[in-house]
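The values are calculated or read from the model by the stated rules, or taken from the named source; none is laboratory data. None of the values given here were measured: they were computed from a predicted structure. Reconstructed Cβ throughout: ideal geometry from the backbone, glycine too, with neighbour counts over all protein chains shown. Surface areas here come from the heavy atoms of the whole protein model, side chains and all, with no ligands, DNA or RNA. Shrake-Rupley method; radii C 1.70, N 1.55, O 1.52, S 1.80 Å.
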Amino acid sequence: MGGEIEAGLEASGPDREEPRRTSLREYAESLLVTLIIVLFGTTFIVQPFKIPSQSMEPTLLVGDYLFVNKFLFGGRGAWYERVLPYRAVRRGDVIVFKFPYSDHPHYVKRVIGLPGDRIRIVDQQVYVNGQRLAEPYVAHDPASDDPYGDNFPPSDRYFLQRGLQPAWAEQLPAYVDKGELVVPAGHYFVMGDNRDHSWDSRYWGFVDREAIMGRPTVIYWSIEATSDDYADSGFKGNLVGLVETILHLPSRTRWSRMLHEVH
């Protein structure tokens with residue numbers, strides 16, 4: 001019987017091509033399912049991002065590649081939040097969000113103020129609701145001339161003109177009460193860990209809850225890089241950067257940061 005089966009597979013004509021067509025169809029179906037899963041995953045669950053600036057050092061370095069968990073934060077009031085493992089955004093969370101101005105690039109910062117919080121910076125120390133915030137993750141640069149690194153919010157209109165997003169310079173006074181910045185409902189106040197070299201909520205305002213995409217969870221790859229390496233975001237710049245990375249992959253990889261959790 002075994003010989004007859006083998007002979008049947010060797011037969012000529014349409015019967016010989018049938019297993020081949022089935023194999024190709026199954027391969028195409030598997031590929032389609034894989035693409036759908038990947039698309040679903042990057043849209044709703046996890047998405048990769050890279051760090052192009054120094055604003056979150058030493059927590060995140062230029063050249064870190066992150067997986068961002070998009071299936072984490074609730075707070076939008078959707079019915080499925082009651083049955084799925086969502087949680088609210090917490091103070092201290094590192095988040096990825098869409099910048100509220102220009103072409104809405106993705107930014108990564110740390111949440112400092114929640115809705116209703118009262119924020120004040122005095123001599124580089126952050127106070128939330130009158131209590132000094134413990135920030136072991138923060139780095140300061142003694143040589144920096146950051147106008148809002150020492151004290152915030154500004155006490156006079158002269159300082160409102162120093163580096164602030166114009167729209168934020170107009171809005172900011174409306175959120176100041178007794179020398180403290182009051183975070184409105186549905187919004188968050190964020191700052192970079194590299195405190196004196198961070199373009200953050202001090203300079204352009206609050207992050208809307210709807211703009212928050214998720215929380216970085218792990219560094220899956222990291223290479224030695226500088227901000228200049230990511231200055232050209234066009235096709236040519238990305239292609240040159242990719243070739244350079246591949247050519248110097250072993251020597252430029254920060255092996256100690258591989259699979260490093262983000263806190």
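Odds and ends about this structure:
The rows are residues; the columns are (1) at pLDDT 95 or above; (2) touching a Pro at 6+ places or on another chain (Cβ under 8 Å); (3) under 22 Å from residue 110 (Cβ atoms).
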{"site": "152", "(1), (2), (3)": "no, no, yes"}
{"site": "189", "(1), (2), (3)": "yes, no, yes"}
{"site": "223", "(1), (2), (3)": "no, no, no"}
{"site": "242", "(1), (2), (3)": "no, no, no"}
{"site": "251", "(1), (2), (3)": "no, no, no"}
{"site": "260", "(1), (2), (3)": "no, no, yes"}
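For every residue, the table says whether it meets (1) of a type in the set (D, E, K, R); (2) open to solvent by less than 70 Å² (accessible area, probe 1.4 Å); (3) modelled with pLDDT under 95.
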| position | (1), (2), (3) |
| --- | --- |
| 74 | no, yes, yes |
| 103 | yes, no, yes |
| 106 | no, no, yes |
| 116 | no, yes, no |
| 147 | no, yes, yes |
| 162 | yes, no, yes |
| 166 | no, no, yes |
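- Within the range 167-189, the set of residues being within 25 Å of the chain's Cα centre (by Cα) and either closer than 14 Å to residue 101 by Cβ or in a loop (DSSP other than H, G, I, E, B) (or both) comprises 167, 168, 183, 184, 185, 186.
- In the range 190-220, the residues that are acidic (Asp, Glu) and either more than 15 Å from the chain's Cα centre (by Cα) or surrounded by fewer than 18 Cβ atoms within 10 Å (Cβ to Cβ) (or both): 196, 208, 210
Listed here are the residues, each with its yes/no results for (1) at pLDDT 95 or above; (2) not charged (D, E, K, R).
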| residue | (1), (2) |
| --- | --- |
| 56 | yes, yes |
| 61 | yes, yes |
| 65 | no, yes |
| 70 | no, no |
| 77 | no, yes |
| 86 | no, yes |
| 100 | no, yes |
| 109 | yes, no |
